[in-house]
1. Report the residue count in the range 85-129 for those that are exposed (fewer than 15 other Cβ atoms within 10 Å of the Cβ), in contact (Cβ under 8 Å) with a residue 40 or more places away in the chain and not in a strand (DSSP E or B).
2. Search the range 55-71 for residues that are closer than 14 Å to Asn98 by Cα and pair each with any residue that is in a loop (DSSP other than H, G, I, E, B) and hydrophobic (A, V, I, L, M, F, W, C) when their beta-carbon atoms are under 9 Å apart and the residues are at least 6 apart or on different chains.
Amino acid sequence: MHFPLLRVTLLLVVAFAGGANAGDVDVRTIHGWVERIEILPEGISLKAKLDTGATTSSLNALNKARFERDGEQWIAFDIIDPENADNTVRVERPITRNVRIVRHDGGFQRRPVVSIGLCIGPHYRDAEMSLIDRTHLNYQALVGRNHMNGIILVDSAETFLHSPRCAVDADSPTERDSEHRGESPDPGSDPGA
């Protein structure tokens, strides 16, 4: 059931209560709690849970292999091909840090973290994602506040409100927002989501 009046009211409240200075354009858009995202530059399209309770995003990463390239630590990993679950797509990224994730059961795990460019609706942002095996979960990606901050509002009653449609241009700061605030340790990124 859709509530167009509720959405308009919410947008007006955000615009007037808002945080935006006179003359600023509010670029925030409302998204459902599940949306299709695109990993760039590879162009891998996945269903993702948008989780405002998690700081750092996480990505399903199988067959992880750390290696060194030009004096930096890198990691190669496989993502399940969304077009054919029997195939995988190999991705490589430099490791930005390792994070200690506190789980709901009180235990913890260490995960490698990489910078991933995500297209969510009209928004593109490079931000950190921790790599974990999420094959037992419903979604290969969990998008946390680091990717959504200041650009995405989540409507918990909706899903799939936007398709990825980013016009990524390195010279366009409105389309390419790489600002993020990484926090370590990250107690809000439980892999059970």
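1. The number of residues fulfilling the criteria is 2.
2. Ser58/Ala193
Read the figures in this text as sums done on the coordinates, not as results from a lab. Predicted model only: the values in this text are computed from it and were never measured. Ideal geometry is used to build each Cβ from the backbone, glycine not excepted, and the neighbour counts take in all protein chains shown.
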